[in-house]
Amino acid sequence: MAKQKYYVVWEGKQPGVYSTWAECQAQTDHYTGAKYKSYESRAAADTAYKAGWKGNWGTGASSSGAGAKSKTASSWSRSASVETSEEIDYDSISVDVGTRGNPGPVEYKGVDTQTGDIIFSCGPISKGTNNLGEFLAIVHALALLKKEGSSRTVYTDSVNAMKWVKQKKVATTLPRDASTEEIWTLIDRAESWLRSHTYENKVLKWQTKVWGEIKADYGRK
């Protein structure tokens, strides 16, 4: 059973502390400059809400208006070959995967990080894993941005998927059989695209502990 989480909304339609992701999402979707974060206990959430978003959301170093787009962080760091940013780049697509079992049916989507508007979605795919779904979502976003000639950033919360994209090849124990034929067909196509195309877009790790759940989250944790 998933551990109970509590969600603080500092900037949203109705600021407050919520006990479900669905309630939090209702307050932040389509709200420009929304600021929210998840906590492991009600006490921690209440304390953070009372303290305000500075020092709790993002780096807390900026007090820019909620309606303004955050600029891309000026400094970038690498940890275990995974690129991250100190501030959210709102000119970006955030991707996430939803599964029913792991492995199990997989679906993924990409949304506008600023507004939460769905840009693309796929699935459910008959059988796959979380990381494979994240890999496909990242490549889908990169292919779409390449077609549009866009330099937007892509955010994911999967370190493994990011590494697979850089390697242009997945490393998974999921067998190839009749039950996984659909997702393997998509994986083969995605790997082929990565080998035959270049892109300038940054693929960055979404910092869940600092920023809260990624905007594309399915709320199934």
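The values are calculated or read from the model by the stated rules, or taken from the named source; none is laboratory data. Small disclaimer: the values here were computed from a predicted structure and weren't measured. Reconstructed Cβ throughout: ideal geometry from the backbone, glycine too, with neighbour counts over all protein chains shown. These accessible areas exclude ligands, DNA and RNA; they are computed on the full protein's heavy atoms, side chains included. Shrake-Rupley method; radii C 1.70, N 1.55, O 1.52, S 1.80 Å.
Taking the conditions (1) over 19 Å from the mean Cα position of the chain (by Cα); (2) farther than 12 Å from Leu142 by Cβ; (3) surrounded by 13 or more Cβ atoms within 10 Å (Cβ to Cβ) in turn, Thr208 satisfies each one other than (1). Scan the range 39-50 and tell me whether some residue there is closer than 21 Å to Ala216 by Cα, in contact with a Cys (Cβ under 9 Å, 6 or more places away or on another chain) and at pLDDT 75 or above. Among the residues of the range 39-50, not one is closer than 21 Å to Ala216 by Cα, in contact with a Cys (Cβ under 9 Å, 6 or more places away or on another chain) and at pLDDT 75 or above, which makes the answer no. Scanning the range 179-190 for residues that are touching a residue at least 24 places away in the same chain (Cβ under 8 Å) and open to solvent by less than 70 Å² (accessible area, probe 1.4 Å), we see that the one that is farthest from the chain's Cα centre (by Cα) is Ser179. Candidates Glu213, Glu134, Glu200: the one that is buried (at least 16 other Cβ atoms within 10 Å of the Cβ), in a loop (DSSP other than H, G, I, E, B) and touching a residue at least 24 places away in the same chain (Cβ under 8 Å) is Glu213. Take the residues in the range 146-178 that are over 21 Å from the mean Cα position of the chain (by Cα) and among the aliphatic types (A, V, I, L, M), then tell me which one is surrounded by the most Cβ atoms within 10 Å (Cβ to Cβ). Once the filter is applied, the top-ranked residue is Leu174.
From the list Gly58, Gly65, the lone residue that is buried (at least 18 other Cβ atoms within 10 Å of the Cβ) and at pLDDT below 75 is Gly58.
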